[in-house]
Amino acid sequence: MSWQHSYSLSLRLVQVHNIMFSSMNRRIRVNAIYSALVGLYWLCGISCSLIHASEHVWKARSDAVRAAIKHAWKGYKDFAYRDDDLRPITQTGERWLHARATVYDAMDTLYLAGLFDEFESVVHQISGGIMHSSPPTSIVYSIKTFEYHIRIVGGLLGAYTVSGRRELLLQATEAADCVLATFDTHTGLPRMY
């Protein structure tokens, strides 16, 4: 695929994104995302038997994916909810970013999978200040700036994009503000930690 074709594809996806998320309710938004993914296959010229599967097959596959996501979320909540990541073999958590990164990472996935109760629970915790009762990560722990931005800020922005919940955009702003000090260098480039 040439860069011109990739650029054209990117512009089309941005247009689809802007149309999809302008003013839709939750169910229409999820269906629009599915339609956009099918359109992406078509735009890329990828022949995929999944697109031509019957409605019954799609339902079975989506139920299996939803069950797998629910199982993974339950495992994280049961064994590592106060940590950044789950170590599935030892069933323990790993706290290296000190920000409960998987909670933020998983929000858009929970929403798109239709696990709205789990999504709402996380949004309530984030919006209610339950998860931000201690000082921001950048003050207490040295963190990896890139990882923090893609997992925490990116997770909040992704969840805002699919759900349209303004409080998530506010939380993303606050999370990004927590690490502004890393950009206070003589070059203007962020410190790694």
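The values are calculated or read from the model by the stated rules, or taken from the named source; none is laboratory data. What you see is a predicted model, and the numbers here were worked out from it, not measured in a lab. We place every Cβ from the backbone using ideal geometry, glycine too, and count neighbours over all the protein chains shown.
Things worth noting here:
- Which numbered condition residue 171 fails, given (1) assigned to a helix (DSSP H, G or I); (2) among the polar types (S, T, N, Q); (3) surrounded by fewer than 18 Cβ atoms within 10 Å (Cβ to Cβ): (3)
- Top-ranked residue in segment 174-193 [being surrounded by 12 or more Cβ atoms within 10 Å (Cβ to Cβ) and not in a helix (DSSP H, G or I); ranked as modelled with the highest pLDDT]: 179
- Of all residues in segment 103-123, exactly one satisfies the criterion of being without any contact (Cβ under 8 Å) to a residue 40 or more places away in the chain and polar (S, T, N, Q), namely 121.
- Residues that are surrounded by fewer than 18 Cβ atoms within 10 Å (Cβ to Cβ) number at least 2 in the following helices (runs of 4 or more DSSP H) confined to segment 51-131: 55-80, 116-127.
- In segment 94-111 there is at least one residue that is within 19 Å of the chain's Cα centre (by Cα), small (Gly, Ala, Ser) and at pLDDT 90 or above.
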